[in-house]
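Remarks on the structure that follows.
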Amino acid sequence: MADSKERDIRTAPIDEQLPAFVDEHRGKLLACLDGMSEDEARRSLVPSRTTLLSLAKHAIFVETVWFGEVVTGRHRTDYGMPNDSSDSFILAEEDTVASITEAYRQAAERSHRAVEGMTLDTVLTGHRSGPLPLRWVYLHMLRELAQHCGHAEILREQVVAQRTQGAGA
């Protein structure tokens, strides 16, 4: 049975539903880091740079591009982000579960502040391909976060399985 918060969002107007779904996925992505050691969060299980920690770091980049650059018009490098999205997966030595989690929470809060007072029909002019409505940004963020949550859940499952295999060895 759905809890009252879920029931409320199901009947809420779309301008409340989209931000709520994005927030839900932000939380799910960060939850994949819960209980992970630094080594586990950085563990490479695929040929790409994708790890649990790098997915969260990339999500900071995504927040910054779509709610910073597109909404406010400030370039991603003004926020200290790399110009190329593939570089957003690179982990620095000082990146930790705690530091990336906090940075992601701050990025999400900046995103909330950036859209205050806007409607889903507000046209944003900060994207290089041209004007976009805020509605599209929310939908794109939901698509990005859902994809990365799926990646993170699979990686987390593999890390947890390795723990179990290691304990039985």
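The values are calculated or read from the model by the stated rules, or taken from the named source; none is laboratory data. Remember, it's a predicted structure, so these values are computed and weren't measured experimentally. Don't worry about glycine lacking a Cβ; one is built from the backbone with ideal geometry, like all the others, and counts go over all protein chains shown. With ligands, DNA and RNA removed, areas are computed over all heavy atoms of the protein, side chains included. Shrake-Rupley method; radii C 1.70, N 1.55, O 1.52, S 1.80 Å.
Restricting to the stretch 110-152, name every residue that is open to solvent by 90 Å² or more (accessible area, probe 1.4 Å), of a type in the set (Asp, Glu) and in contact (Cβ under 8 Å) with a residue 12 or more places away in the chain.
Asp121
Suppose the filter is among the acidic types (Asp, Glu) and assigned to a loop (DSSP other than H, G, I, E, B); does Asp95 pass it?
Considered against the rule, which asks whether it is among the acidic types (Asp, Glu) and assigned to a loop (DSSP other than H, G, I, E, B), Asp95 comes out as yes.
Within the stretch 18-75, restricting attention to residues that are acidic (Asp, Glu) and under 12 Å from the mean Cα position of the chain (by Cα), which residue is surrounded by the most Cβ atoms within 10 Å (Cβ to Cβ)?
Once the filter is applied, the top-ranked residue is Glu63.
Would you say Gly80 is farther than 17 Å from His148 by Cα and either exposed (fewer than 12 other Cβ atoms within 10 Å of the Cβ) or touching a Leu at 6+ places or on another chain (Cβ under 6 Å) (or both)?
The answer is yes for Gly80.
Of all helices (runs of 4 or more DSSP H) completely enclosed by the stretch 1-88, which ones contain at least 1 residues that are free of Cβ contacts under 8 Å to residues at least 12 places away in the same chain?
Answer list for the stretch 1-88: 4-11, 14-31, 38-42.
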